[in-house]
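Let me begin by presenting the structure, written as structure tokens, before commenting on it.
The values are calculated or read from the model by the stated rules, or taken from the named source; none is laboratory data. Bear in mind the structure is a predicted one, so any value in this text is a computation, not a measurement. Cβ sites come from the backbone with ideal geometry, for glycine too, and all protein chains shown count toward neighbours. Just the protein is used for accessible areas: all its heavy atoms, side chains included, with ligands, DNA and RNA removed. Shrake-Rupley method; radii C 1.70, N 1.55, O 1.52, S 1.80 Å.
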Amino acid sequence: MRFAKFIGLTAAGAIGLLPLAVPAFAAPAQTQYAPTMLVLDASGSMLAADPSGGTKMDAAKTAVRGFVQTAPAAAKVGLSVYGTGTGSTDAEKAVGCRDVSVLEPAETIDRSALTTAVDAITPSGFTPIGAALRTASSALPAEGSRSIVLVSDGLDTCAPPDPCEVARELSGQGADIVVHTIGFGVDDASRAQLTCIAETTGGTYTDAADGKALAQVLPRVSAAALREYASAGTPVEGGEGYQNAPVVVPGQYLDTIGHTKPRYYAVDVPEGATAYFSGTVSFPLGEDAVRANNSLYLRVFGAEGKDCNVFEHESAVRSTDGVALTVSSTWTGATEPKDSTERPDQCKGGGRYYFTVEWAGVADSAPATLPLELNVAVEPGVTDAGPAAQPEPVSFTVPSVPVEPVAGGGSFNVATALDGPGVYSDTLQRGEFVFYKVKLDWGQGLAYRVRFLESPGRGLDNVSAVTTTLYTPYRKEIDHEFSSYNGSPDTVPNSKEALATPEVRYRNRESSEKEVSDNALAGWYYIAVQAAPTVHDRGGVRPVPIELDLAVTGTPEPGPTYQAVPGSTGSSVENVPDTAQAADDNSMALLGTGIAVVAFVLVIGGVIVITLLRRRTRR
């Protein structure tokens, strides 16, 4: 049992530790995204020259086209525009200040239609930003997570309605609708107005000095607007017992789980191989409940349903904070000869094993059923385990590089890849959990810290827990750290220099130390970061800027030699599974975490600390 200060999470994942003969991932279900409206300024000022060439309108069209071509196929993206229907004379102002058009609805993205609509825009009129925000909001669904991305090159010229007042109207709908603004070559007054709109709704403001900057900024800001957790995987229906358990090959699956009813799945594990199995359930964000605790159990059974005496237990207290809970098992029974005495014969050697996931502890406010995301992986045995274990974590050095903006993903499935050592910036919403991934080769390790920067607001109403968690390629938690954040700068971890892994070696798994044995596979390691909802105003929209300092050290080395599987030579390169495969190769980054949560914070007196109890049990 371990205690930590923490608040809610969100996660889902993708693993695929697979022999060469098996695809890394089965075809996933479609990922969902927050419906988003792009609002584009087409006022007369957009005819001005852009420093990078052409007009501002030309540059904006290029940026939108770039975003449209790279947006996820399942994203719901609409487009509205203002300033195209009139000129900018005083006589035309009354009509021009109502001149807002929805060119494309916020439905599953139609790249061709959006591109055609953008190409046809001719700027000429006024800048009714307030009216444009109201129109964009009305074009979005009436509830659920929604976003607006506004690109403007100047001040509203039509108030009333005042854009900041409209933003306050939208913020009255809670954190479900957020406006991100981009100032395209703007002056100080315009920047202040666009910043007000963004901050009032919990969104972000970003400067784009010219067309080249806009082409880089727009996809990143839109990616953050779109991110929303959704489970993904090939549909499967778990059995009520081992006798009717579906046989699943390595890949990612999606099932539905109800209260206190175990779901059985069968996995064929070859002699000498290691199996990895995990289940993730994302609990919806909601209001406080008297008892908001949820628990997942995972067990392993062998031939004829023999209990293999493995029990994994993950619990989330305060799951109404939007917790995604993962329970996982690393099954090594197939590596043991049948004449050993550690386990019964039915639980040793190669053969068919059964894994169960049960939603055992159920919160008062929990829905009757929820999606259950499953990950299955099988790693072959080795003929040469490679270099000796590396027990010491790698050292941390703050990278001396410019800050690189990124948009973290809302789940393991669409975690944003960080391209090696660096300083990466992002902005989280309270209650949002985002994911990043870092590729580690054999012989490499990582160390990182997260700096939560200053944000508006102070006092008890602005206090929430912040946390970061580090995971292996198969979603097993390596470490997590937390703190209490009230808008003043803070660093996690604050009790040590950084979260760090040892250099990744196959033989690390031989260590008796969990901190070493978990780091035994090359592949994508996941970093999750969360700013939890505030205590008194759970619907409050208070963005939290962060910077993630990442060090990746060590020289890549050959690693182990795996036993040959059909179609391979037995080399390390061919047999090491590609854990990097995401659920949707065309997806943008999107949130969640497979941790067991802990206990909640609220100590009134000056600092609120909500303590979540995290519990893991093995038998």
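The table for this structure:
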| read-out | value |
| --- | --- |
| Unique match (being more than 23 Å from residue 443 (Cβ to Cβ) and among the hydroxyl-bearing types (Ser, Thr, Tyr)) among 495, 517, 511 | 495 |
| Some residue of the range 461-472 being open to solvent by 10 Å² or more (accessible area, probe 1.4 Å) and not in a helix (DSSP H, G or I) | no |
| Residue satisfying all of: in the range 88-125; under 23 Å from residue 48 (Cα atoms) and acidic (Asp, Glu); surrounded by the most Cβ atoms within 10 Å (Cβ to Cβ) among these | 99 |
| Only one of 505, 458 that is open to solvent by 10 Å² or more (accessible area, probe 1.4 Å) and touching an Asp or Glu at 6+ places or on another chain (Cβ under 9 Å) | 505 |
| Residue match in the range 202-210 (condition: touching a Leu at 6+ places or on another chain (Cβ under 7 Å) and either of a type in the set (Val, Ile, Thr) or within 30 Å of residue 180 (Cα to Cα) (or both)) | yes |
| Wholly within the range 102-204, helices (runs of 4 or more DSSP H) carrying at least 3 residues that are touching a residue at least 40 places away in the same chain (Cβ under 8 Å) | 111-119, 129-138, 188-201 |
| Residue list for the range 233-248, filter: crowded, with 16+ Cβ neighbours inside 10 Å and in a loop (DSSP other than H, G, I, E, B) | 233, 236, 238, 245, 248 |
| Scope the range 456-497; condition farther than 20 Å from residue 544 by Cα and of a type in the set (Gly, Ala, Ser); matching residues | 495 |
| Candidate set from the range 290-301 (those that are more than 24 Å from the chain's Cα centre (by Cα) and surrounded by 22 or more Cβ atoms within 10 Å (Cβ to Cβ)); member that is nearest to residue 319 (Cα to Cα) | 300 |
| Selected residue [more than 23 Å from the chain's Cα centre (by Cα), modelled with pLDDT of 75 or more, within 30 Å of residue 117 (Cβ to Cβ) and aliphatic (A, V, I, L, M)] from 46, 37 | 46 |
| Residues of the range 323-362 classified as farther than 30 Å from residue 529 by Cβ, open to solvent by less than 10 Å² (accessible area, probe 1.4 Å) and part of a loop (DSSP other than H, G, I, E, B), total | 2 |
| Cβ-Cβ under 7 Å pairs, at least 6 apart or on other chains, the range 298-321 side touching a residue at least 24 places away in the same chain (Cβ under 8 Å) and under 30 Å from residue 465 (Cα atoms), far side buried (at least 21 other Cβ atoms within 10 Å of the Cβ) and among the acidic types (Asp, Glu) | 298/312 |
| Every residue from the range 371-412 that is open to solvent by 20 Å² or more (accessible area, probe 1.4 Å) and in a strand (DSSP E or B) | 371, 382, 383, 384, 393, 403, 404, 405 |
